[in-house]
Amino acid sequence: MKIALIAMSGVRVKTQTLAELGVTLPQFVNRGKVVASLPSLGLLTVAALTPPDVEVEYFEVDDLPPENRALIKYDLVGISSFTARINDAYRLADRYRAIGVPVVLGGLHVTLMPQEAQAHADAVVVNGAEGAWPKLVEDFKKGQMKPFYVGARKGVFEPGLYAKPRFELLKGRPYNRITVQTSRGCPLNCEFCAASIRITDSFQQKPVNLVIDEIETALKITQHPFFELSDDNTFVNKKWSKEFLTAVTPLNISWFTETDISIADDEELLNLLAKSGCKQVLIGFESPISHALDGMNPNNWKTCRQPGYVDAINKIQSRGITVNGCFILGLDSDTPETFHVIKEFIETSKLLECQVTVMTPFPGTPLYNRMRAEGSLLKDEYWDRCTLFDVNFTPKHMSVAQLEEGMMCLFKELYNEKQFLMRKRHYMEIAKEILS
Amino acid sequence: MGENSTEQKLRQILSEYLKQDLTDVPGNEDLIDYLGLDSLSGLNLLALVEKKFQVRFDDEILWSLRSIEKLCDGISLAQKQMSDL
Ligand code: B12
């Protein structure tokens, strides 16, 4: 028996002018290009959960023949899903089903929209594949696959559920970046978050020895890969974090992750981080304006933290770790003046990298439900605009056009050669300090 | 300081820092590619050179300083700019 697992890869922007502008923004595009080539850790995990007597092949959607050519037949096809390309995923599923190949859909989007997905699949798996996929494959072998399977929302890294992603399936493919997951979920619980928090009940932490084993395995199949931890918030548990940093340092790798600013409170952690090969941390500041953060987290965590933003950035960056500061445009209290405030903050805080995106109501998030109730969604199922760059709602204090134009102008101001050089220079000055 | 001694000193500083002997690397070799450096490591090297030679490169030429030759040119230019002040 042979199963094909297909990743809907690549990055997406719907609005033409944005896509065109993107092509001319150096820093922005460079990062886009490198990350676009990341493999699907979700499917490598699904592969690992497949019974060993079943053959598995891994594909990126671009590996497949185009719509006017015939697809190769498999006994079963599994497709993963993020929202932005869900319509492409459904079309692909329909093509396979049309030639008699049964299709299973899984992943973030279908977990949140299972009924919608069922119209295009023989089976839908919600939540993590852990706890669902092994059973599905056994049922399939017996000709008894059911239309719906519920995966685990907790204990996913514990024996019995956990399986080490099959990095060896990437052998021979030109990946220079590999993702490894150390946790699922995040206690901050931001209203807009559409990441793994939506497939977990609470924060799940992978034991350090398993993470290290995964990194070592990935190192065997790629030369000097750059590691991206595909977590929502890596250093939630400071004790675990220090153990992990101590264990990862001797591996001599370069890596990146997503976290929150509480790491700046802990000198010991920062020192370990600097020694560990961590090149960059991505932090969601969301806005430099305190009241814009009100209501974002159940306990207003980010509002309380906002006064410490600049200090935290300095503390982290002074160790030679760059902070990629993320900001959201179109928050409820944002006005046409906000763009300027964000630009000023990014410049004065001397952030070494920044990522500005537009507020995006992804399906299944509290934000989506609120906006739907308030009637501010431009269209109910605007999935192909769920890219973090295309506007799909009416902001409270400006028009859609004002938000789009403000974003374009801000992009031009932030991602140009002059800013790029300023950031380079600032990094070099920090590096010189560290050298002494 | 003559061109040659700048080059020698530079090769020595880089070799020590990178723990890799660079004495025989051709002067026009692209170091970033040769050493397989990511962009931050490249900037670390430039920071090291600025510090050791007590110069400051023009920001506009940073991206071009990728070989021993180009670095030596950059150092002499920066030294000249300083003495012209
Ligand atoms: C790595 C990454 C990427 C890689 C993805 C590589 C790939 N092909 O998978 C790249 C760079 C290509 C990428 C692209 C995009 N991304 Co992205 N990305 C991430 C990131 C950082 C980690 C994802 C990850 O690896 N998770 C770990 C794995 C193990 O989890 P998983 O995929 O959910 O898989 C589990 C289950 O879902 C399930 N499962 C998944 N697939 C399947 C399939 C089957 C058959 C079964 C049974 C089960 C199953 O089982 C798995 C194991 O439990 C997350 C942010 C984060 N911190 O999580 C954002 C994230 C997933 N990305 C996001 C976005 C918005 C995008 C883009 C739209 C950006 C853009 N403008 O282009 C595009 C998506 C376009 C597309 N291709 O669909 C959003 C998605 C929200 C959503 N609900 O859709 C996230 C959550 C970030 C955010 N800011 O909110 N991304």
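The values are calculated or read from the model by the stated rules, or taken from the named source; none is laboratory data. In this text the structure is predicted, and so the values were computed from the model without any measurement. Here the Cβ is made from the backbone with ideal geometry for all residues, glycine too, and neighbour counts use every protein chain on show. Accessible surface areas use protein heavy atoms only, side chains included; no ligands, DNA or RNA. Shrake-Rupley method; radii C 1.70, N 1.55, O 1.52, S 1.80 Å.
Observations on the structure shown:
- Residue tally, condition open to solvent by less than 50 Å² (accessible area, probe 1.4 Å), under 25 Å from A:LEU273 (Cβ atoms) and of a type in the set (S, T, N, Q), over segment A:302-334: 4
- Search result, residues across segment A:189-238 that are open to solvent by less than 40 Å² (accessible area, probe 1.4 Å), more than 10 Å from the ligand (Cβ to nearest atom) and either of a type in the set (Ser, Thr, Tyr) or within 14 Å of chain B (Cβ to nearest Cβ) (or both): A:THR217, A:THR222, A:PRO225, A:PHE226, A:PHE227
- Positions within segment A:78-114 being more than 6 Å from the ligand (Cβ to nearest atom), in a loop (DSSP other than H, G, I, E, B) and of a type outside the set (S, T, N, Q), in sequence order: A:ILE99, A:GLY100, A:VAL101, A:PRO102, A:MET113
Here's the yes/no breakdown for (1) more than 22 Å from A:GLU413 (Cβ to Cβ); (2) more than 23 Å from the chain's Cα centre (by Cα); (3) not assigned by TED's automatic domain parsing to the domain that holds A:ASN233:
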residue: A:GLY320; (1), (2), (3): yes, yes, no
residue: A:LEU329; (1), (2), (3): no, no, no
residue: A:ASP332; (1), (2), (3): yes, yes, no
residue: A:GLU337; (1), (2), (3): no, yes, no
residue: A:PHE345; (1), (2), (3): no, yes, no
residue: A:THR348; (1), (2), (3): no, yes, no
residue: A:PRO361; (1), (2), (3): yes, no, no
residue: A:ARG370; (1), (2), (3): yes, no, no
residue: A:LEU378; (1), (2), (3): yes, yes, no
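- Number of positions in segment A:60-81 that are of a type in the set (Gly, Ala, Ser) and over 24 Å from the mean Cα position of the chain (by Cα): 1
- Residues being open to solvent by less than 10 Å² (accessible area, probe 1.4 Å) and closer than 20 Å to A:GLN306 by Cα - total across segment A:262-281: 4
- The residues in segment A:239-257 that are within 15 Å of A:TYR175 (Cβ to Cβ) and away from the ligand (no atom under 15 Å from the Cβ) can be counted, and the count is 2.
- Checking each residue in segment A:132-150 for being hydrophobic (A, V, I, L, M, F, W, C) and either part of a loop (DSSP other than H, G, I, E, B) or in contact with a Gly (Cβ under 6 Å, 6 or more places away or on another chain) (or both) picks out A:ALA132, A:MET145.
- Matching residues in segment A:1-59 - criterion: being modelled with pLDDT of 95 or more, under 21 Å from the mean Cα position of the chain (by Cα), more than 8 Å from the ligand (Cβ to nearest atom) and of a type in the set (S, T, N, Q): none
- Test: residue in segment B:26-39 that is within 14 Å of chain A (Cβ to nearest Cβ) and farther than 23 Å from A:PHE226 by Cβ: no
- Of all the residues in segment B:41-59, those that are surrounded by fewer than 18 Cβ atoms within 10 Å (Cβ to Cβ) and facing chain A (nearest Cβ under 7 Å) number 2.
- Any hit, segment A:285-301, residues being surrounded by 18 or more Cβ atoms within 10 Å (Cβ to Cβ) and in contact with a Gly (Cβ under 6 Å, 6 or more places away or on another chain): yes
- If the condition is being open to solvent by 60 Å² or more (accessible area, probe 1.4 Å) and in contact with a Gly (Cβ under 8 Å, 6 or more places away or on another chain), then segment A:381-436 contributes only A:ILE434.
- Just one of the numbered conditions (1) modelled with pLDDT of 95 or more; (2) assigned to a helix (DSSP H, G or I); (3) more than 14 Å from every other protein chain (Cβ to nearest Cβ); (4) out of contact with any strand residue (DSSP E or B) (no Cβ under 7 Å at 6 or more places or on another chain) is not true of A:HIS426: (3).
- Any hit, segment A:415-423, residues being aromatic (Phe, Trp, Tyr), more than 14 Å from every other protein chain (Cβ to nearest Cβ) and farther than 20 Å from A:THR348 by Cα: no
- Enumerated helices (runs of 4 or more DSSP H) restricted to segment A:298-385, each holding at least 3 residues that are closer than 30 Å to A:MET113 by Cβ and more than 14 Å from chain B (Cβ to nearest Cβ): A:366-374
- In segment A:47-67, the residues that are without any contact (Cβ under 8 Å) to a residue 60 or more places away in the chain reach residues that are of a type in the set (Asp, Glu) and within 13 Å of the ligand (Cβ to nearest atom) with C-beta atoms within less than 9 angstrom, at least six apart or across chains, in these pairs: A:VAL61/A:ASP88.
- The one condition in (1) open to solvent by less than 50 Å² (accessible area, probe 1.4 Å); (2) under 22 Å from A:THR394 (Cα atoms) that A:GLU337 fails to fulfil: (1)
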